[in-house]
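One structure below.
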Amino acid sequence: MGSKSRQLHMFFLPFFGHGHLIPIIDTAKLFTARGVKATIVTTPRNVPSISETHGMKIDILIIKFPAIEAGLPEGCENIESVNSPEMVSKFIKATKMLKQPFEQLLQDYHPSCLVADVCFPWATDVATKFGIPRLVFHVSSFFSVSISHSVTLHEPHKKVLCDSEPFIIPNFPGEIKLTRMQLPHFTLQEVDIEYSKWFKEAMESELRSYGAVVNSFYELELAYVDHYKKAWGRKAWHIGPVSLCNKDTEDKAKRGKEASIDEHECLKWLSTKKPNSVVYICFGSTTNFSDSQLLEIAMGLEASRQQFIWVVRKVKNDEKEEEDWLPKGFEKSMEGKGLIIRGWAPQVLILDHEAVGGFVTHCGWNSILEGVTAGVPMVTWPMGAEQFYNEKLVTQVLKIGVGVGAQQWTVVVGDSIKSKVVEKAVRRIMVGEEAEEMRGRAKALGEMAKRAVEEGGSSYSSLNALIEELRSSQCCP
Ligand code: UDP
């Protein structure tokens, strides 16, 4: 068969965490909807997160995750089960070992293009070896990706005297200030050489790739989209919010994992509430808090006198009548007013409900974009990854959120934020003039997000342009 008549076949290689898997699955669905063949490559224990693609024909190929070989416990195939810096290093080692079996798949299947998560630094060279373009998939904003590059190149954090002294991000639009305490450990060589070496490799491999695919939309961060392309000389396509490809209740409810609450029960609870009267609190797929911090959150929520849905990554201990991380009788006294979901929440379904009027978030990029799409103001509580960068976009650039005052980057638990601070921050996004102003701006952005993915919108057109470019380069190698 001649190359001209060959259907475009995209290979997707998501990193092994729900914040990475979920947006790549949505992206694969978007390509499939345009008549492109999509195959997701993953490891056995990550398959269940992918199989719910409702009617969309997406193929899955499985490669073995070398957990034991890398010194990890058997079955440790997702960053959700990684809970110490030592395990992080071993997990990185395991992902490097996937290069060879992945090459074999490229050899066997001859895809036209590889969309690989930024966390696979070897992907650009592997794609080059097989003569196909590698697109970097970012689970972050143009804003934050550009900050990462700028910090890596210019090292502004080395020019300040102490960890808490602010520095300005060099050659970057707007005066964005950060401190060394807020920088990811993977950018600080003095903290973890292995981790930062891997991160540097990922950055370099991005700059040698064909281009980047970003889950964002032009109107949200236009100055930063333009800056990224110009400053780093990269091609880039903004194709988001990709979560909007999930149209019905079932699709929205079944992203990533089976929810710990029945979606209809959740919607029933929300339907008894007035518009914008419920605050949603969720810290993503990996954050763990100490019991004492959870207690402070519970007390802060109660004192804020706002109705809430609070997602806690803990299962109920049936042997204990009361849990240590909740004030005595908390759930009983909050009945009808506050709902605790233990485990996994149908986040997009909840955020999209008109009763939800605010979001307390750890600033994972998917969560922020889902909050923007839902048009809700946010309390920002960053902890790890590039979340301190994302916070700046929300509070300083878009002005749709207020910070809880987190200062320190950390892998395991958040800062100790007192209940009074939680109470005040929640009230600031839910009630009063400031909240209404932020809500107005957030709603306007939410409308823009929806327009971006409709026919003729900025993300719709960007995805079309990418597909066209790949098709024509496939025809004329
Ligand atoms: N999510 C969800 N239910 C939960 C927790 C998370 O559906 O209980 C989804 C959320 O909608 C988002 C993703 O998981 O799409 C988390 O990605 P994010 O970038 O916000 O944070 P991460 O988990 O990577 O820190």
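The values are calculated or read from the model by the stated rules, or taken from the named source; none is laboratory data. This is a predicted model, so every value here is computed, not measured. Here the Cβ positions follow ideal geometry from the backbone for every residue, glycine too, while neighbour counts run over all protein chains shown. The area values use the complete protein model at the heavy-atom level, side chains included, leaving out ligands, DNA and RNA. Shrake-Rupley method; radii C 1.70, N 1.55, O 1.52, S 1.80 Å.
Odds and ends about this structure:
- Using the average count of surrounding beta-carbon atoms within 10 Å as a protection proxy, the listed peptides 257-267, 356-366, 124-134, 273-283 rank, highest first, as 356-366, 273-283, 124-134, 257-267.
- Sequence-distant aspartates and glutamates (8 or more away, or on other chains) whose Cα lies within less than 17 Å of Lys64: Glu74, Glu77, Glu103, Asp108
- Surface per residue (accessible, 1.4 Å probe) for the chain, Å²: 41
- Charge dipole magnitude, Cβ of K and R +1, D and E -1 - the range 249-450, Cα centre, debye nearest 20: 460
- Across every direction, the projection of the convex hull enclosing the Cα atoms of the range 104-144 has a mean area of 3.1 nm².
- Lys/Arg +1, Asp/Glu -1 at C-beta; the chain dipole; positive extreme among Ser461, Gln306, Gly343: Ser461
- Label-zone membership for the range 337-368, site Lys450, 7 angstrom Cα→C-beta point, backbone N under 13 Å: 352-354
- Reported value for the range 356-404: 58 Å³ per residue, from the convex hull of its C-alpha atoms.
- Ordering Met203, Ala259, Ala406 by Cα displacement along the dipole of the chain toward the positive end leaves Met203 in first place; charges were set at the Cβ atoms of Lys, Arg (+1) and Asp, Glu (-1).
- Neighbour-limited loop hits for GluC sites (Glu not before Pro), the range 315-394 (at most 15 other Cβ within 10 Å; DSSP other than H, G, I, E, B): Glu319, Glu321, Glu322, Glu335, Glu354
- Of the GluC sites (Glu not before Pro) in the range 133-240, the ones in a loop by DSSP (not H, G, I, E or B) with at most 16 other beta carbons within 10 Å are Glu175, Glu190.
- Size of charge dipole - the range 137-269 - debye, nearest 20, with Cβ of Lys, Arg +1 and Asp, Glu -1, no other charges: 440
- Computed on protein heavy atoms with a 1.4 Å probe, the accessible areas place Leu188, Leu207, Leu222 in the order Leu222, Leu207, Leu188, largest first.
- Between the range 173-240 and the range 421-451, the Cα center-to-center distance that results, in Å: 27
- Over 20 Å [Cα-Cα, the range 129-200], rounded percent: 37
- Convex hull of the range 155-293 built on C-alpha atoms - directionally averaged projected area, nm²: 13.1
- The relative contact order of the range 249-450, computed from alpha carbon pairs under 8 Å that lie at least 6 residues apart in sequence, is 26 percent.
- Portion, in percent, of the accessible area of the chain that falls on carbon or sulfur, probe 1.4 Å: 53
- Cα-based Rg and Dmax for the range 293-413, where Dmax is the largest Cα-Cα distance (Å): 15.0, 48
- Charge dipole (the chain, unit charges on Cβ, about Cα centre) - positive-most of Cys76, Asn390, Gly233: Gly233
- Hull volume in cubic angstrom per residue (convex hull over the Cα atoms of the range 249-450): 114
- Short-range pairs are left out: with C-alpha atoms under 8 Å and at least six residues apart, the relative contact order of the chain is 15 percent.
- Pairs with C-alpha atoms separated by more than 28 Å, drawn from the list Lys29/Lys274; Lys252/Lys443; Lys314/Lys337, are Lys29/Lys274.
- Annotation: peptides 444-453, 209-218, 156-165, ranked by per-residue average of other Cβ atoms within 10 Å with the highest first, follow the order 209-218, 444-453, 156-165.
- If R0 is 45 Å, the Cβ-Cβ spacing of Ile168 and Ala303 corresponds to a FRET efficiency of close to 0.80.
- What you get for the chain, charging only the Cβ of Lys and Arg (+1) and of Asp and Glu (-1), is a dipole of about 960 debye around the Cα centre.
- Rounded to 10°, Cα long-axis angle of helix 419-430 versus longest principal axis of the chain: 70
- Folded to 0 to 90 degrees: helix 142-154 orientation relative to the chain principal axis, Cα: 70
- One quarter of the convex hull surface built on the alpha carbon atoms of the chain amounts to 22.0 nm², the projected area averaged over directions.
- Per-peptide average of other Cβ atoms within 10 Å, ordering 70-79, 86-95 highest first: 86-95, 70-79
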